[in-house]
There are 4 protein chains.
Amino acid sequence: MAYRRSRLMEERLADNRERIVRAARHLVARGGFREAQIAAVATEAGLSTGSIYRYFPSKAELFVELLGKAAEHEIDILRSIADGEGTPSARLFAAVESFTRRALDGRYLAYAFIAEPVDPEVDEARIRHRRAIAEVLKSIVRAGIESGEFPDQNLDASAACLVGAFTEALIGPTAPSAEAVSDRERLVEQICTFCFRAIAGRDKASS
Amino acid sequence: MAYRRSRLMEERLADNRERIVRAARHLVARGGFREAQIAAVATEAGLSTGSIYRYFPSKAELFVELLGKAAEHEIDILRSIADGEGTPSARLFAAVESFTRRALDGRYLAYAFIAEPVDPEVDEARIRHRRAIAEVLKSIVRAGIESGEFPDQNLDASAACLVGAFTEALIGPTAPSAEAVSDRERLVEQICTFCFRAIAGRDKASS
Amino acid sequence: MAYRRSRLMEERLADNRERIVRAARHLVARGGFREAQIAAVATEAGLSTGSIYRYFPSKAELFVELLGKAAEHEIDILRSIADGEGTPSARLFAAVESFTRRALDGRYLAYAFIAEPVDPEVDEARIRHRRAIAEVLKSIVRAGIESGEFPDQNLDASAACLVGAFTEALIGPTAPSAEAVSDRERLVEQICTFCFRAIAGRDKASS
Amino acid sequence: MAYRRSRLMEERLADNRERIVRAARHLVARGGFREAQIAAVATEAGLSTGSIYRYFPSKAELFVELLGKAAEHEIDILRSIADGEGTPSARLFAAVESFTRRALDGRYLAYAFIAEPVDPEVDEARIRHRRAIAEVLKSIVRAGIESGEFPDQNLDASAACLVGAFTEALIGPTAPSAEAVSDRERLVEQICTFCFRAIAGRDKASS
DNA sequence: CATGAATGAGAATTCATTCAT
DNA sequence: TATGAATGAATTCTCATTCAT
């Protein structure tokens, strides 16, 4: 008589996978990729090192997935904003706001895209996803230039600068720490204001 | 037995020190901190691994010095621009231009400030210097707000965004690669244009 | 509470045991002991890893049994030939022919006796059985010398050489591959011819 | 002033390499490839594990070299016998005698060719060398058939059987232990006698 | 009883640092 | 003083075995 995997079991398995990724994310956020050794991830996830390898074929794959998951979600949202309703101005603002606000809810996310992982394979994934984010922003800027809302400008340079600006402001070493800012909302607003002005060449009419 | 170092000797020692730092810089630029192992640095410098330790007590100290040297020079120049003649607008533009142009002449410099080193001690130095650069920019922006040239804005956020913007545009993964840009001058100009517009809220009158 | 295993149950148990051994044999034949991990054996047998341990206390015991089963059968047949009718010449020929032909029908069998298992306990079993085979051959050679059919020779050396000769020719790295030989029968014949000549000092009169 | 590596130093380096191979050989001879872990080799060689990697890029390469060294020497000698003076009979006898005598002087040598290494890359080397030995023997047998000294026979089968015969008799599990044989010379002689008779179909006229 | 997820003791490999020559 | 061989701690990954469900 075949043994039937209980629903509980299935949930635990899915849970573990998720737990491992989460543990890895926490460690990266806390101490960079450097601190995210397999043993540490295992401990943080409440598992043994061997178990990590039941869920991921290698350390690199784990981190590639970590970055992929984070990026996928992010890019989906950004793209729906970019392709959505509203003027390019509004969309640009919304895109930056959306990204920064979610990043502040879980800083590690953005961190993973800045910190350089030791493994080249993982780094390659990081770079790829970072580029994908820039591409989405580019499409918004392009639309704004065509509509005449934004001054003419080099798309590649603007997109790169934008990505640099908000990731750094969020969690880079020069970032105004969240505590130094009276509240998250204000930090989000400051970053949005900067980015909008950088592209539009004017301050957004205060809402 | 008293031993007097000859001037020649002293020069050779200083030379070697300099050679080591330069070798380390090249390696970091080429392959990130990951590739900058002591043995590789030694080979690149034309010395033995043991000799590295005659000049630097540890790998970490070598890289702390590397970052310090690079930052010191940079900050001196930026500060002299910040404290110098001209309108804040002109100084802002000059500061960004100066930094980016020199960075393009030796990309590794900027690279060392973005790439996260494995060693926490070294990372701490990187962060410190990066903050110092932001401080200088802040002083320019502050002056511009006071003079009425720049719209009111949060200094910390603006400085952080600026630093993020130009380091990313220079060497980050989303950077328009130097080859993709017809020439260095154009890339410098694009970055300057972005940064100026981001702070000033208008495009610089084309010179 | 007394529990009586039904005959059906018993059969299933015996079945599983047999299935496991067969699975292990296939894996050894395909990729050597190296490939015969418990998980792989379980999959091949259509059981779970845990189940393997219901039938065998350890991996080593499983492989000891595997070798034992293979050897037992082999040796029974060889012994019945050795102790049977016919001249020593005929019996020697028959013994080698019988062994090689069956080995070709399931090469893995012979393989298990050549390939060195990682586990010392298993290796010890392999050696024991290999020696048993040599012993049977020795008895035939002894009879042949006594009857004057075979020239005088050292029994131990001859038996060892014989075992080495046919196992190597069957599946050793220098073995003429079965495909390279027009058909199995020819390979069997070649090996028999060699072995007979080696012991008898003359070619068998072609039948 | 450049530092000059002393002759002593150079010797030590060469020594170490040799020491490592020798240590590996001893371990293989004693307990098979299984016992020859890097840590064990290092200890046996009187070095640290790290040092092994100064001399060999990987464990596999070390063992490939080990086998290569052993085989090269062996095959050179066999080939010079095969291509040398004398009747095929004499050359066959000399070849087997030469191989077996040297193998008895350092059993591990032959052992390395029988024991199956865990690493497929290493195993591939073992097989290659073993085949090379068979090839040399084949050339002698071929000459003997042509000269009419040996009866017609399948070359591939005979060579494979020969290699199997003497490696097994030397160090295989069924081998008459060296101690059980009154002296080495007698064992060598027994093996030669067997092999000659197997190929020639007659006993060598006692010298 | 069957299952297969979890465990954790190894084993290979890397690289900063030391120290005899 | 310069050298670079030697060291060994640290890290990734494997797989036999156990045990909760």
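Here, each number is a calculation from the coordinates, and none is a lab measurement. Remember, predicted model here, so these are calculated numbers, not experimental data. No Cβ is skipped: glycine too gets one built from the backbone with ideal geometry, and neighbour counts run over all protein chains shown.
Measure off 7 Å from each Cα along the Cα-to-Cβ vector at residue A:76 and residue D:132, then give the distance between these two points in nanometres to one decimal.
Computed distance between label sites residue A:76 and residue D:132 equals 5.9 nm.
Taking neighbour Cβ counts within 10 Å as the exposure measure, how do C:189, D:121 sort from fewest upward?
D:121, C:189
Report P(r) for the stretch D:34-95: all Cα-Cα distances, bin width 5 Å, range 0 to the bin holding the largest distance, values in whole percent.
Binned Cα distances yield the sequence 4, 16, 18, 14, 9, 8, 8, 9, 8, 4, 0.
Shortest first and in nm to one decimal, what separations exist between residue C:205 and its copies in the other chains, measuring from label points 7 Å along the Cα-to-beta-carbon line?
Sorted ascending, the copy-to-copy spacings read 2.8, 11.9, 12.3 nm.
Net charge around residue D:44, counting only other residues with Cβ within less than 12 Å of its Cβ (Lys, Arg = +1; Asp, Glu = -1)?
Result for the local shell: +3.
Sequence neighbours fewer than 8 away in the same chain don't count; with that in mind, list the lysines whose C-alpha is under 21 Å from residue B:59.
The reachable lysines, counting only those whose Cα sits under 21 Å from residue B:59, are B:69.
Which GluC sites (Glu not before Pro) in the stretch B:38-105 pass both tests, a DSSP loop state and at most 10 other beta-carbon atoms within 10 Å?
Hits after loop and neighbour filter: B:85.
Provide an ascending nm list, one decimal, of label-point separations from residue C:50 to the equivalent residue in each further copy; define each label point as 7 Å from Cα along Cα→Cβ.
1.5, 4.5, 6.0
Please find, among residues of chain D, the one with the beta carbon closest to the rotation axis relating it to chain A, distance in whole Å.
D:58, 9
Helices from chain B with mean Kyte-Doolittle at least 1.0 and a Cα length along the axis of 30 Å or more, per DSSP H: which?
Sorted by number, there is nothing, because no helix extends far enough and scores high enough.
Give me the distance in nm between label points sitting 7 Å out from Cα along the Cα-to-Cβ direction at residue D:58 and residue B:69, one decimal.
3.7 nm
Taking a point 7 Å out from Cα toward Cβ as the label site, list the nm distances between residue A:68 and the same residue in every other copy, smallest first.
Sorted ascending, the copy-to-copy spacings read 3.9, 4.4, 4.8 nm.
When the scattering of the stretch C:82-170 is computed by the Debye formula from its Cα atoms alone, each counted once and equally, what is log10 I(q)/I(0) at q = 0.16, 0.20, 0.26 Å⁻¹?
Calculated log10 I(q)/I(0) at the listed q: -0.67, -0.97, -1.34.
Partner chain Cβ atoms within 10 Å, averaged over the residues of C:37-46 - can you pull that number for me?
0
Based only on other Cβ atoms within 10 Å, what is the fewest-to-most ordering of A:30, D:79?
Ordered from fewest to most neighbouring Cβ atoms within 10 Å, A:30, D:79 come out as A:30, D:79.
Find the Rg to Rh ratio for chain B, where Rh is the Kirkwood radius over alpha-carbon pairs and Rg uses the same atoms.
With Rg and the Kirkwood Rh in hand, the quotient comes to 1.05.
Rank these for me by crowding, A:145, A:52, A:199, going from fewest to most other beta carbons within 10 Å.
The fewest-first ordering by Cβ neighbours comes to A:145, A:52, A:199.
For chain B, what does -39500 (n - 2.57) per DSSP helix run (n ≥ 4), summed and divided by total residues, give at 222 nm, in deg cm²/dmol to the nearest 500?
About -25500 deg cm²/dmol.
Suppose R0 equals 30 Å. What FRET efficiency, 1/(1 + (r/R0)^6) with r the Cβ-Cβ distance, do residue D:124 and residue C:183 give to the nearest 0.05?
That gives a FRET efficiency of 0.60.
Could you please state, rounded to a whole Å, how far the C-alpha centre of the stretch A:8-71 is from the C-alpha centre of the stretch B:25-99?
If you average the Cα positions of each part, the centres end up 35 Å apart.
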